[in-house]
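These notes are about the structure you will find just below.
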C-alpha cells in the first residue's frame, strides 16, 4: 500500500499535468490521431468489403459450368464470402455478414470450419441483442435466435478445441445455464460474453 506522501505526490503530479496546457495539446493530438487511424481502418474495411462483395457477385454470374465445378473456382468463391463476412462483422454490419455466412455454409466442405460457426454465433448474438431491445418480438422468437447462437458457438468451440476439451465443457455448461433464463433476462451471462 502506498504511503500518504506517495499518494499526495501522485495527486500533485496529476494536478500539474492537467493544468499544463501543453499536456492538453498532447492529449488532443493523440485523440485526433486515434480518430484518424480508426477512420482510415474503417474506410479500408468498407472498400475491401465492397471489393469482396463485387468479386463473389461476379463469380456467381459465371455461366461456364465447367469452370464452376473446378476447385479453384470454389476456393476463390469461399475466400470472397469468408473475407466479406469477416469485414462486415468488423464493421458491425451483422445482417449482411449473416447472409454471406449462410451462403458460405451452403458451399461444399465448409461445415467443418470453426471460423464459420464462430462468426455465425457473433451474428446471431447481435441479432438477439437487437431483438431483445424490440419489445414486440415474441419470447419464442428470441429463444430460437439464442438457440442458433448457442449451437454455432458450441460447434465453433468443438471444432477448434475438441469435444473432450475443458473449453468445450465450460462453454456447454455456460450455455446450459443461459438456456434456463429468458432471453430478455440478464440473470445469466451470455455464452459469448
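Gain in length, residue 105 to residue 91, computed as 0.36 nm per residue apart minus the alpha-carbon separation, to one decimal in nm? Don't jump to the answer; show the numbers that get you there.
Details: separation 14, 0.36 × 14 = 5.04 nm, distance 2.08 nm.
Length gained, residue 105 through residue 91: 3.0 nm.
Starting from 0.36 nm per residue, how many nanometres of slack lie between residue 15 and residue 180 once their C-alpha separation is accounted for?
54.4 nm
Most fluctuating residue of 27, 132, 157 in a GNM of the chain with Cα springs under 10 Å: which is it?
Highest fluctuation among the options: 27.
Which of 164, 112, 47 ends up with the largest GNM mean-square fluctuation for the chain, with Cα atoms connected below 10 Å?
Among 164, 112, 47, the largest mean-square fluctuation in the Gaussian network model of the chain belongs to 164.
How high is the FRET efficiency from residue 112 to residue 34, r the C-beta distance, R0 41 Å, rounded to 0.05? If you can, show how the numbers build up before the last one.
On the way: r = 39 Å, r/R0 = 0.96.
Between residue 112 and residue 34 the formula returns 0.55.
Within the stretch 163-184, whose backbone N sits under 11 Å from a point 7 Å along Cα→Cβ of residue 140?
Of the residues in the stretch 163-184, none has backbone N under 11 Å from the label point off residue 140.
Where a ≥ b ≥ c are the square roots of the eigenvalues of the C-alpha gyration tensor, would you call the chain rounded, which needs a/c under 1.5, or, failing that, prolate if a/b is larger than b/c, or oblate?
Oblate.
Connecting C-alpha atoms closer than 10 Å in a GNM of the chain, tell me which of 42, 170, 13 has the biggest fluctuation.
13
Every number here is computed from the coordinates shown, using simple stated rules; none is lab data. Computed from a predicted structure; not experimentally measured. Note that each Cβ is placed from the backbone with ideal geometry, even for glycine, and that neighbours are counted across all protein chains shown.
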